[in-house]
Every structure is written in C-alpha cells, then in structure tokens.
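These notes are about the structure you will find just below.
The values are calculated or read from the model by the stated rules, or taken from the named source; none is laboratory data. These numbers come from a predicted model, not from an experiment. Don't worry about glycine lacking a Cβ; one is built from the backbone with ideal geometry, like all the others, and counts go over all protein chains shown.
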Amino acid sequence: MKIAILPGDGIGPEIVEQAVKVLNVLGESFEMETAPVGGAGYEASGHPLPEATLKLALEADAVLFGAVGDWKYDTLDRPLRPEQAILGLRKNLKLFANLRPAILYPELAGASTLKPEVVSGLDILIIRELTGDIYFGQPRGVRECPDGPFKGEREGFDTMRYAESEIRRIAHVAFQSAQKRSKRLTSVDKANVLETFQFWKDIVTDVHKEYPDVALDHMYVDNAAMQLVRAPKRFDVIVTGNMFGDILSDQASMLTGSIGMLPSASLDANNKGLYEPSHGSAPDIAGKNLANPLATILSAAMMLRYSLNKAEQADRIENAVKKVLAQGLRTADIYEEGTTKVGTGEMGQAVVNALS
Ligand code: NAD
C-alpha cells in the first residue's frame, strides 16, 4: 500500500514526522513517499501543487497531509497561494466528504472552555460537503452594483449553489455513517432564508426514505451553532454544506479543548482519502517543538480505518493516544496544572512507546 506524505508548511513537517514514526512501528509494509506542497511546493517548483506531487497523490492509496500556509505568501496571486494546493487536491482526487470527529477524551475535560458536565464524553461526527456551495459557485467577483440602494457602487459577490447529485451523495455518506453509530443524524441548513438550503433540506429528506432506521432531524445553522455550545451531546452525526461545515467544525473542535486534537478525513466515492489535522500550519509556533502532533497521528489512524482497511491498527493507535493522555503527558495547547508538559517530538515518541 502506497501512502503519499505531504508535510506542507509551518508545523506541517514536525507533526507529520511524528505520524510517520507511528506508522513505521505498526509492523506493516507501507510504501511512503514524501513530496512538497503548499508554500514548500511553491518554493520547490513555483506552484503550490507541483505536478509531481499531484501525480504521487493520484497514484497513492491514501494521502497523509500536514498543513499549508504562511503569511509570507499573502502577497502572491491567489492561484499561487499555498491554500490553493488543498483545493487542487480535493478537486483532482474528487474528494467530496469531509469527516471531522470531535471527541473529548475524559482526561482533557478540563481543557475545554465549557463546563466538564456539558462536554465530558462528547463524541460527535461532523460531515461537511466539500465541492459545492458558495466557495466554488460562479459567477463571483467584484463588479459595479447593478441595482438596489447601492446601485453604481462597487460590490463583492459570490454564488451559493448545490446540484441535486452533490446533495444526494453526501446525504448517503451521512446516513451510512449514522447507521454505524447511534443512528441519529442532524442535517444543518438555512432553509428559512436560502433557496439553496431549502433544496438541500428537500433532497436530504428524500434520501432519508432509504434509511428508515436512522432518525433524521433538521436544524437551522444559527440554532446549531447555539446548541453546539449549549448542549453538544444532543448531536451524534451532523451533515451540512461546505461553508456551514467549515465554521461549525472549527467551533466543535474547541469543545474538545484544542484544535490540536482533531483529525479529519476527506473521502472520494471509493473511500480513497486525504487525511489531515483540522488545524492549519500555525506559523506562530512552527519549529518550536510546541505543536500538538496528536491530530495528525489520529488522522493517520482514520487513514488506516477508512482507506487502508486496517481497522485494528487504527484502534491500536487510538488506544495508544488514550494511554499517553492517561499518563498525564500534554503538549502546551492542552496543558493543565498537575500534568507533564512535553514537546512535539516527545509526544510522538510517547505514542510510539505506547504502541510498542
Ligand atoms: P491555525 O489552525 O494554523 O492556528 C490557529 C491557532 O491554533 C494558532 O494559535 C496556532 O498556534 C494554534 N494551533 C494550530 N494547530 C496547533 C497544534 N497542532 N498544536 C498547538 N497549537 C495549534 O490557523 P490560522 O492561524 O488561522 O492560519 C495559519 C495558516 O494556516 C494560514 O496561512 C492559513 O491559511 C493556513 N490554514 C491551513 C489549513 C490547512 O492546511 N488545511 C487550514 C486552516 C488554515
């Protein structure tokens, strides 16, 4: 099995290094090949997604990705900015389903900004559609406002859109994920205001007919944002569009104490996927041995489970992570008094030790 390793920028290389260390002690014979992406891709060959990197990602059975981006690239033309590499990979690998679990390990209940009784035992899965919505709809741009009270002024505009088949396929992923968990699914929309999301709601309701064993409810995104803070354990699986999913999944991440704990998977129709931590490249702490590598290590576990058909190895990694947390080891982002502060490399090594 071939894994494309794309460390990227900022803390990307240091956290991916830890995940590779973990994969190497599993006793499997993975072929791992590394390639530059994001700012590193731009430095290496003038493009954030170099051709050779894309070729490797297409050939591989799965992609393990760190993070991309640095403020020093903010002045580049948009198509050359590091973040474009993610969009290019999603498009070329036809990734449409972003799975983001938010789990609160009991040992970290105190790291959440919410009261322990509200969040302890939290285990939700947010499924974000990745290909449609206002992020990709055309037309978009800045133009002269054609009508209304601001006619003649400059205005920025984007187009929100979803095709029926796009909604159907993500709804199937969501219902099937709910079937494997507690059989409860919440579809989040803004059907009271947006035509696109009334259509979303209608299609999800139609797909529900094929999954009578799953209890479906619909919730407006503003209420969902509120409920995620008020009573997050009322949710099990949440499915939503690209923009709402982007925002709600970051919000959910903070329920768990740190974005440094959250893995993610982006899957195509055949469960080939790109696996990455939910956070970005954190340039503020890059190279300082401060980054939490657990989100990336847990992303590698998701890769084993979803793309490489190695659920037992995924369980081994997840149990090793639980073990190091129970031992009281913490990177700075999840540190509390009474625990032991460790750096990126030490945390990775502790997971390796727990595995062996
Ligand atoms: P960020 O997620 O990189 O950082 C937000 C905050 O969380 C920072 O304080 C950072 O230090 C902290 N943090 C993030 N990951 C951490 C970890 N593993 N351990 C400890 N602390 C961690 O978001 P940002 O600062 O808004 O963006 C920085 C860069 O990352 C930008 O260039 C942005 O475009 C890019 N970005 C990339 C991705 C991606 O590669 N998928 C996602 C989001 C942002």
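Of the residues that sit in region 329-342 and are free of Cβ contacts under 8 Å to residues at least 60 places away in the same chain and within 28 Å of residue 312 (Cα to Cα), which one is nearest to the chain's Cα centre (by Cα)?
330
Working only within region 1-45, note down all residues that are acidic (Asp, Glu) and without any contact (Cβ under 8 Å) to a residue 24 or more places away in the chain. Quick ask: steps written out before the conclusion?
Residues of region 1-45 acidic (Asp, Glu): 9, 14, 17, 28, 31, 33, 43.
The one that is acidic (Asp, Glu) and without any contact (Cβ under 8 Å) to a residue 24 or more places away in the chain: 43.
Which one is surrounded by the most Cβ atoms within 10 Å (Cβ to Cβ), of the residues in region 109-128 that are in a helix (DSSP H, G or I) and β-branched (Val, Ile, Thr)? Working first, answer last.
So in region 109-128, the residues in a helix (DSSP H, G or I) come out as 109-111, 116-119.
Next cut, β-branched (Val, Ile, Thr) only: 118-119.
On the way: 118: 16, 119: 22.
It comes out as 119.
Can you confirm whether region 166-175 contains a residue that is at pLDDT below 95 and either in contact with a Gly (Cβ under 6 Å, 6 or more places away or on another chain) or outside any loop (DSSP other than H, G, I, E, B) (or both)?
In the first step, residues of region 166-175 are kept if they are at pLDDT below 95; the result is 173.
With either in contact with a Gly (Cβ under 6 Å, 6 or more places away or on another chain) or outside any loop (DSSP other than H, G, I, E, B) (or both) added as a condition, the list becomes 173.
Looking through region 166-175, at least one residue is at pLDDT below 95 and either in contact with a Gly (Cβ under 6 Å, 6 or more places away or on another chain) or outside any loop (DSSP other than H, G, I, E, B) (or both).
Across region 178-222, what is the number of residues that are part of a strand (DSSP E or B) and exposed (fewer than 13 other Cβ atoms within 10 Å of the Cβ)? Full working, then the answer.
Narrowing region 178-222 to residues part of a strand (DSSP E or B): 184-189, 215-220.
Okay, now just the ones that are also exposed (fewer than 13 other Cβ atoms within 10 Å of the Cβ), so 217.
The number of residues fulfilling the criteria is 1.
Just give me the residues in region 276-294 being within 19 Å of residue 322 (Cα to Cα) and either near the ligand (Cβ under 6 Å from one of its atoms) or not in a loop (DSSP other than H, G, I, E, B) (or both), in sequence order.
Correct list: 277, 291, 292, 294.
Would a scan of region 299-321 turn up a residue that is near the ligand (Cβ under 10 Å from one of its atoms) and at pLDDT 95 or above? Write out each step before concluding.
At the first step, the residues of region 299-321 found to be near the ligand (Cβ under 10 Å from one of its atoms) are none.
Taking every residue of region 299-321 in turn, none turns out to be near the ligand (Cβ under 10 Å from one of its atoms) and at pLDDT 95 or above.
For residue 91, state whether it is under 17 Å from the mean Cα position of the chain (by Cα), within 16 Å of the ligand (Cβ to nearest atom) and not in a strand (DSSP E or B).
Details: under 17 Å from the mean Cα position of the chain (by Cα): yes; within 16 Å of the ligand (Cβ to nearest atom): yes; not in a strand (DSSP E or B): yes.
Yes.
When you check residue 22 against the structure, is it at pLDDT 95 or above, part of a loop (DSSP other than H, G, I, E, B), in contact with a helix residue (DSSP H, G or I) (Cβ under 9 Å, 6 or more places away or on another chain) and within 16 Å of the ligand (Cβ to nearest atom), yes or no? Lay out the reasoning, then the answer.
Working: at pLDDT 95 or above: yes; part of a loop (DSSP other than H, G, I, E, B): no; in contact with a helix residue (DSSP H, G or I) (Cβ under 9 Å, 6 or more places away or on another chain): yes; within 16 Å of the ligand (Cβ to nearest atom): yes.
When the stated conditions are applied, residue 22 does not pass them.
Matching residues to (1) of a type outside the set (A, V, I, L, M, F, W, C); (2) closer than 19 Å to residue 60 by Cα; (3) surrounded by fewer than 20 Cβ atoms within 10 Å (Cβ to Cβ):
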site	(1), (2), (3)
263	yes, no, no
278	yes, no, no
294	no, no, no
304	no, yes, no
333	yes, no, yes
337	yes, no, yes
344	yes, no, no
349	yes, no, yes
356	yes, no, yes
